[in-house]
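Worksheet: the structure to be examined is printed underneath.
Here, each number is a calculation from the coordinates, and none is a lab measurement. Remember, it's a predicted structure, so these values are computed and weren't measured experimentally. Here the Cβ positions follow ideal geometry from the backbone for every residue, glycine too, while neighbour counts run over all protein chains shown.
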Amino acid sequence: MSVHFHYQDNRLYAEGVSLEDIASRFGTPCYVYSRAALTGGFRQFSDALKGRDHLVCYAVKANSNLAILNLFARLGAGFDIVSGGELKRVMAAGGDPKKVVFSGVGKTESEMRMALEADILCFNVESSSELYRLNEVAKSMGKRAAISLRVNPDVDAKTHPYISTGLKQNKFGVAYAEAMELYRKAGAMPNLRVTGMDCHIGSQLTDISPFIAAVEKVLLLVDELEKEGIALEHLDLGGGLGIRYKDETPPGIPEYAAALLSALKGRPQKLILEPGRVLVGNAGLLLTTVEYIKRGEERNFAIVDAAMNDLMRPALYDAYHDILPVTRGGHETGTYEIVGPICETGDFLGHERALPIAAQSRIAIMSAGAYGMSMSSNYNTRPRAAEVMVDGESMHLVRERETVEQLYAGERIVA
Ligand SMILES: *Cc1c(COP(=O)(O)O)cnc(C)c1O
């Protein structure tokens, strides 16, 4: 458990605010973020990289709440986006588009236009077709687009197959063997400006070695480019640093940064990183209330008011999240399947958890700040959860709970 979420007299707190108080005030399910944890993570990057020209581009898809984007923007962050929608969010939150890098394999023409209009820092181009399209779009606007190629270094990130992106068989990036040829082509396109190289090999990496293997392969290409007179301004090494959900032992931010800096020694390029999960994952939790305890022949169930639509990771990746009682003591400890009300057997948040709970108890699903709210849906016509940011002794509602009317507001009945 992080220092920002802790027990005080057997009650679970986010910084100086008790989760019981948050639940009474805003209801459940509710995401709760610690401002100090968010700030602390970002500062660890800044501290570890000070002395080197760098830009930390927070990966918006991990958690795109405006309050979080605004907080990072004020700390000096840039942003890694994967859609035009995310660009709008960044700008709505006060982020600087000139610090935005745009990743993703399927950028549409209108997304390219929006990004060129906003003068973003760089497009991370993922295919030769995209390169041609971007050149055409930029030409039609009388602009030059700054580009990096996202190179696929073909290294095994040793993570869940759904979030591994740097292997030959993945849809991401351009093949390592084709990168040189594509850089030459890009260099000859009048409406492109080659400024960098990019790679991102996967998410929730708990070991430093695949990162270093990727850097080394990227640097070989940088050297080849230099021989041909193409000098790059920046190297973007992506995101992917893992966090502790259960018993993983990922390197800390300082250790990770030091290893990258050492691999990049003597290289003049600005360093760009795109961390997502490591900045927000353990800075947030999902607060939920037990509706029913249901005793079965083989298992006992705690049916809670959060579900797979609120937090998809257990259903999608069979991911583990620690689950803590909001109040300790008071109830006998039993072992439960923690499940939601959705009509799917995959709708679970945890298996075989020993918890001192009864109906109406509240529990906290930990490490839910990344890929929680941002992957949530309205399945079963469930309005999405409220989001609260705690700052010391104060709590701020940073997203209102959705209403059912909002969910069908765009729908029409046919006469
Ligand atoms: C998802 C993603 C990231 C962030 O990954 P984390 O594992 O959350 O750090 C960074 N860059 C790209 C291109 C991504 O797709």
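Structure above, values below:
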item: Debye, to nearest 20: dipole size of segment 104-273, +1 on Lys, Arg Cβ, -1 on Asp, Glu Cβ; result: 260 debye
item: Karplus-derived HN-Hα couplings along segment 108-123 (A = 6.51, B = -1.76, C = 1.60, θ = phi - 60°), whole Hz, x at Gly and Pro; result: 7, 4, 5, 5, 4, 4, 4, 6, 5, 4, 7, 6, 5, 5, 6, 9
item: Expected 222 nm ellipticity per residue - DSSP helices of 4 or more, -39500 (n - 2.57), all of the chain, to 500; result: -8500 deg cm²/dmol
item: For E255, E352, order by how many other beta-carbon atoms lie within 10 Å, fewest first; result: E352, E255
item: Whole-angstrom gap from segment 169-219 to segment 255-317, using each part's C-alpha centre; result: 26 Å
item: Under the Karplus curve 6.51 cos²θ - 1.76 cosθ + 1.60, θ = phi - 60°, whole-Hz ³J(HN,Hα) for segment 54-66, x wherever Gly or Pro sits; result: 8, 9, 8, 9, 4, 6, 4, 5, 5, 6, 9, 4, 4
item: For segment 104-273, diffusion coefficient by Stokes-Einstein and Kirkwood Rh (Cα), 10 °C, 1.306 mPa s, µm²/s; result: 96 µm²/s
item: Per-pair calculated FRET efficiency, R0 = 25 Å: Y379 and E405 via Cβ, rounded to 0.05; result: 0.90
item: Packing-based exposure ordering (other Cβ within 10 Å, fewest first) of L221, L286, L192; result: L221, L192, L286
item: Cα gyration tensor shape of segment 1-119, rounded if a/c is under 1.5, else prolate or oblate by comparing a/b with b/c; result: oblate
item: Candidates G372, G229, G106, ranked by Gaussian network fluctuation over the chain, Cα under 10 Å, top entry; result: G229
item: Per-residue HN-Hα couplings for segment 207-217 [Karplus 6.51, -1.76, 1.60; θ = phi - 60°; Hz; x = Gly/Pro]; result: 9, 6, 4, x, 4, 5, 4, 5, 4, 4, 5
item: Rg(Cα)/(2.2 N^0.38 Å) for segment 31-85, N = residue count; result: 1.15
